[in-house]
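The values are calculated or read from the model by the stated rules, or taken from the named source; none is laboratory data. Quantities reported herein were computed from a predicted structural model and do not represent experimental measurements. Here the Cβ is made from the backbone with ideal geometry for all residues, glycine too, and neighbour counts use every protein chain on show. These area figures cover heavy atoms from the full protein model, side chains too; ligands, DNA and RNA do not enter into them. Shrake-Rupley method; radii C 1.70, N 1.55, O 1.52, S 1.80 Å.
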Amino acid sequence: MTEHRARDVYVVDAVRTPVGAYGGALAGVRPDDLAAHVLAALVARSPELDPALIDDVVLGDANGAGEDNRNVARMAVLLAGLPDTVPGVTVNRLCGSGLEAVIQAARALAHGDAHLVVAGGVESMSRAPYVLAAPDRGFPTGNQELYSTTPGWRMVNPRMRPEWTVAPGEGAEKIADLHGITREQQDVFALASHQKASRAWREGRYDAEVVPLPGVALERDETIREAPSLEALSRLKPVFRRTGGTVTAGNSAPLNDGAAALLLADEEGLRATGREPLARIGASAVTGVEPQFYGLGPVGAVRRALERAGRGFGDLAVFELNEAFAAQALGCIGRWPELDPTLVNPRGGALAIGHPLGASGARLAGAVAHQLAARGSGTGLAALCIGVGQGLAVVLER
């Protein structure tokens, strides 16, 4: 039997929309249109590429209960004007969906099942609908309950252990308890996220990847605060624990809308694009943890991905860690004593930029690829925590 060697997988390009606030500038844009926009923009940036050569489009989407239902990836392909011969598939690993799409696309390329694949993600939390569960019997009497499909648990199976199904913010509180993370530490971390993101935008560090939507008055990420203060953050009341709580709206990622996409290729596909790649996919890993401690999911996933790539924390030049909550991010960082914390999110994180669930992982991978390209060389890492207790990480190299 001939031994199969995995092929190198390259990130040719990466784009994303500006991230919109909940009910903000992108609230009037359907999720399939958000996804179609980044697909079209991505392809347009490689004029030598024949779009018919794209073997697949893999998009992450965490909700799927509204206008993003019925395979939003395929809908986006058609809406973007790509040839109808280009297929599309939607994947769901909740907050890690966009990065899961990158991993699945890279796996197909590495094993020779494709030469060119677009991977990414989309989420419109503003347009997530309310849903009504089907009744146990026809024509029920009495009132029926509507469930919001925007965040957190819904229609919970009664056999789930109650400690597993706490609200995401209560999970962040549990991590703060476990690690002794104070309210002030969380607020300082959140303040730094806004400051770094604001500075990065002023310095043009996002210009290479952000593609605003025509006709929409949003040129940059909507939830970044230009001049936040620690004093203002300290005045916010805890949301999940009224007494003794530390997690507030100011040190939590907001609800958001947005989309992101990466063009991935093997050697043959790369030649068809006529482009120099931004980076190469090195290795990935996924791990599970107790659901209430979902925020610590990246701890093991990052170590495993680095090990598979033959790298250590000392090799990292770039680290994009999703900031679902300040307590969650700080809890992870505290479990990586070998990591230089100044490497984490140098251009700001989700506490400022936002967290459109299905798109966030693709945003992080694209951000790492662009930063590695700007540096000219190095090793980068993208990682997220995932609701219901998982962690996901990808190593990129240049």
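A few points about this structure:
- Here each label is just a point 7 Å from Cα along the line to Cβ, and for Tyr130 and Glu48 those points are 5.4 nm apart.
- Length released on extending from Asp340 to Ala374, taking residue separation times 0.36 nm less the Cα-Cα span: 10.2 nm
- The calculated 222 nm mean residue ellipticity attributable to helices in the chain amounts to -9500 deg cm²/dmol, summing -39500 (n - 2.57) over DSSP H runs of n ≥ 4 and dividing by all residues.
- Distance from region 20-99 to region 351-398 (C-alpha centre basis), Å: 18 Å
- With every protein chain in place, region 259-345: carbon and sulfur % of accessible area (1.4 Å): 47 percent
- Rg of the Cα atoms in region 117-196, relative to 2.2 N^0.38 Å, amounts to 1.63.
- For the chain, a Gaussian network of Cα nodes joined below 10 Å ranks Asn251, Asn69, Asn157 by mean-square fluctuation, and the top entry is Asn157.
- Label-to-label distance, Asn92 versus Gln144, with points set 7 angstrom from Cα along the beta-carbon direction: 1.9 nm.
- For region 123-232, the set of GluC sites (Glu not before Pro) satisfying both a DSSP loop assignment and a count of at most 13 other C-beta atoms within 10 Å is given as Glu145, Glu203, Glu219, Glu226.
- At most 10 other Cβ within 10 Å, DSSP loop - trypsin sites (Lys or Arg not before Pro), region 53-96: Arg70
- Average accessible surface area per residue within region 1-65, 1.4 Å rolling probe, Å²: 41 Å²
- Considering every alpha-carbon pair of region 291-398, the percent of pairs per 10 Å bin, from zero through the bin containing the longest distance, is 16, 54, 29, 2.
- Alpha carbon convex hull of the chain, volume per residue in cubic angstrom: 166 Å³
- A protection proxy built from the mean count of other Cβ atoms within 10 Å ranks the segments 252-259, 30-37, 274-281, most packed first, as 252-259, 30-37, 274-281.
- Annotation: peptides 304-315, 47-58, ranked by per-residue average of other Cβ atoms within 10 Å with the highest first, follow the order 47-58, 304-315.
- Mean Kyte hydropathy of 0.5 or more with a Cα span along the axis of at least 15 Å, helices from DSSP in the chain: 31-44, 97-110, 357-375
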